[in-house]
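What follows is a short report on a single structure.
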Amino acid sequence: MIRIENLKKAFGKVTVLDGIDLSIEPGEVVSILGSSGSGKSTLIRCINGLERIDAGRITVDDFDVSNPKELAEARKRSGTVFQLFNLYPHLSALRNVTLAPVEVLKRNAAEAEKEGRALLESVGLGDRADAYPAQLSGGQRQRVGICRALAMKPRYLLLDEVTSALDPEMTAEVLEILADLTGRGTTMIFVTHEVAFARSISDRIVFLDQGRLLVDLPCETFFAEDGGMANARVAQFLSKMRKD
Amino acid sequence: MRYADFGPHDIVLLLNGLGVSLTLFLTTSLVGVVLGALLAVVRYYRVLVARELVTFVTEMLKNSPVLVQLFLVFFGIPALFKIDVTPFEAAFFTLALNTAAFVYVIVVSAVESIDREQIEAGRVFGLTRWQVLRHVIAPQAVAFATGPLTALLVNQLQVTSLISVIGVVDLTKVGDILNMRTLKPFIVWTVVGVLYYLAAKIIALAGGFVERRLTAHSAWKGL
């Protein structure tokens, strides 16, 4: 499981995360909601070790992310999908997917390639495996990004606003794949602005506000009038999102 | 021998001179590119004192005339350390180090041109700093650097002509000799100039070819 205890993170004088406590059990789908600047993406970047935390502790299956020796193990257990895809532009879709399995997990190249093709096939990109990122649409790129993360067979999938850079049509094609993944028992931590989608796939909703964890409730309770909606900030956020 | 017209043997002389120029150019370029790239890797790994030292030395090499550097190596260093340095050795060291300094700057900026996001992606998936350098940064940095490197090498070929001053019999020196003998400067220097031009053109064409190969992945940007 992923355990976050009293996490604090500041950029200079700006406190971004202010004492976050959160645990995520294997198999759970947890959506993290909150307005822009509430610290959602930073939280993900702390879990995968891209940001150094100022205080507190994050462990992934008991491997401490702040310990350089344990970070490698922690990272093997989690896969990240990025908002801006972050694909390697000089590698084909397939090579994007197989690079880490071959280099980090020391998988046999031919095997990794076979699995990579199967993964791309499963997201409808079987015929685009040899295309470079520049030749793919945004939605296709993000699907490659998802395959790249899945190729490492992560226990935890960290999704950082994966549809924010996509238009509605492409958003739909990516969300469809994510919905499919939840059906297969993948643990997902899903930072998003897609409230309706979060509601449809999540077991739990976590609401961040100004770097604090304001609400952590089962999905149904969160959207209930006497549950999360009873919190003024949550109600305000949800009504604003509905208008958009 | 009286002052005389050109003879068939002059072609051999010119080709010998060209050979010396090209040999110096190719060897110093090879050493310079390898050394410059290695220094850039030192910077990538943030080796503390080495980084400051490299910056200082490359700054000195970039911002002083090659001719002055050549005089320092050929006259200055032998005088200080009481050692013998042949003109060819002096020319080799000076040009190799000078090329390395410029290559260093090109490679550093090429490495810095790679998006941070890709490097983060590599790190997140567990690639080590070295693996990120080898599989993510280097292939793209090489493609990015090929253009500026080609321009640098074309320029360094012309710079080799300076070594004739300390007595290396390169193409320029051969031109000088022929000019003294025939007293036909216009013809001599035109021929020498054309030979430099042809050599430079070949370097530029080769560089362009390599660059197109390396950037093939971005050729469809508009799609």
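Laboratory data are not the source of any read-out in this text; all were calculated from the coordinates shown. The structure presented is a predicted model; accordingly, all values stated were derived computationally and were not measured. In this analysis, Cβ positions are derived from the backbone assuming ideal geometry, glycine residues included, and neighbour counts consider all displayed protein chains.
Quick one: order A:Ser78, A:Ser35 by neighbouring beta-carbon count within 10 Å, fewest to most. Show your work: numbers first, answer last.
On the way: A:Ser78 26, A:Ser35 16.
Sorted ascending by nearby Cβ count, the order is A:Ser35, A:Ser78.
So, R0 is 60 Å and r is the distance between the beta-carbons of A:Ser239 and B:Val42; what FRET efficiency does that work out to, to 0.05? Write out the running numbers ahead of the final one.
Values: r = 56 Å, r/R0 = 0.93.
It comes out at approximately 0.60.
Note the angle between two axes, namely the Cα long axis of helix A:168-182 and the longest principal axis of the Cα atoms of chain A, as a number of degrees from 0 to 90, rounded to the nearest 10.
Around 90 degrees separate the two axes.
Between A:Arg3 and A:Lys153, take the C-beta separation as r, use R0 = 25 Å, and let me know the FRET efficiency to the nearest 0.05. Please list the in-between numbers first.
Values: r = 21 Å, r/R0 = 0.85.
Efficiency at R0 = 25 Å is approximately 0.75.
Mind checking which of A:Ala230, A:Ala129, A:Ala72 has the largest fluctuation in a GNM of chain A, springs on alpha carbons under 10 Å?
The residue with the greatest mean-square fluctuation here is A:Ala230.
Which trypsin sites (Lys or Arg not before Pro) from region A:65-106 combine a DSSP loop assignment with at most 12 other Cβ atoms within 10 Å?
Values: sites: A:Lys69, A:Arg75, A:Lys76, A:Arg77, A:Arg95, A:Lys106; in loops: A:Lys106.
Loop-located and lightly packed - A:Lys106.
Taking the Cα centroid of region A:210-244 and of region A:102-161, what is the distance between the two, rounded to the nearest whole Å?
Going from one Cα centre to the other spans 34 Å.
What do you get for the angle between helix A:93-103 and the principal long axis of chain A? Use alpha-carbon atoms, 0 to 90 degrees, nearest ten.
For helix A:93-103, the angle is close to 90 degrees.
With a Förster radius of 22 Å, plug the Cβ-Cβ distance of B:Leu53 and B:Leu30 into 1/(1 + (r/R0)^6) and report the FRET value to the nearest 0.05. Before the final figure, lay out the partial values.
Details: r = 23 Å, r/R0 = 1.06.
E(calc), rounded to 0.05, equals 0.40.
Of A:Cys219, A:Cys147, how do they rank once you tally other Cβ atoms within 10 Å and put the fewest first?
Taking fewest neighbouring Cβ atoms as first place, the list is A:Cys219, A:Cys147.
Could you tell me which helices of chain B pass both thresholds, a Cα extent of 18 Å or more along their own axis and a mean Kyte-Doolittle hydropathy of at least 1.0, with helices taken as whole DSSP H runs? Show your work: numbers first, answer last.
On the way: long enough: B:9-44 (52 Å, 1.69); B:48-62 (22 Å, 0.91); B:87-112 (38 Å, 1.52); B:138-159 (29 Å, 0.94); B:185-214 (43 Å, 1.30).
Span-like helices in chain B: B:9-44, B:87-112, B:185-214.
Mind checking the mean number of beta-carbon atoms from other chains within 10 Å of the Cβ atoms in A:88-98?
On the way: counts 12, 9, 14, 6, 1, 0, 0, 1, 1, 0, 0.
Mean inter-chain Cβ contacts per residue within 10 Å come to 4.
Provide B:Tyr45, B:Tyr196, A:Tyr132 in ascending order of the number of other Cβ atoms located within 10 Å of each residue's Cβ, fewest first.
Numbers: B:Tyr45 11, B:Tyr196 20, A:Tyr132 23.
Arranged by neighbour count, lowest to highest, B:Tyr45, B:Tyr196, A:Tyr132 become B:Tyr45, B:Tyr196, A:Tyr132.
May I ask you to list the trypsin sites (Lys or Arg not before Pro) in region B:30-72 that are in a DSSP loop and have at most 11 other Cβ atoms within 10 Å of their Cβ?
Values: sites: B:Arg43, B:Arg46, B:Arg51, B:Lys62; in loops: B:Arg46.
Of the trypsin sites (Lys or Arg not before Pro), the ones in loops of region B:30-72 whose Cβ has at most 11 other Cβ atoms within 10 Å are B:Arg46.
Relative to the longest principal axis of chain A, what angle (0 to 90°, nearest 10) does the C-alpha long axis of helix A:109-122 take?
Approximately 60 degrees, to the nearest ten.
Using helices alone, what [θ] at 222 nm do you get for chain B, with -39,500 (n - 2.57) per DSSP H run of 4 or more residues, divided over all residues and rounded to the nearest 500?
Details: 9 runs with 161 residues, N = 223.
Mean residue ellipticity at 222 nm (helix-derived): -24500 deg cm²/dmol.
Mind checking region A:130-192 for trypsin sites (Lys or Arg not before Pro) that DSSP puts in a loop (not H, G, I, E or B) and that have at most 11 other Cβ atoms within 10 Å?
Numbers: sites: A:Arg141, A:Arg143, A:Arg148, A:Arg155, A:Arg184; in loops: A:Arg155, A:Arg184.
Qualifying residues, ordered by number: A:Arg184.
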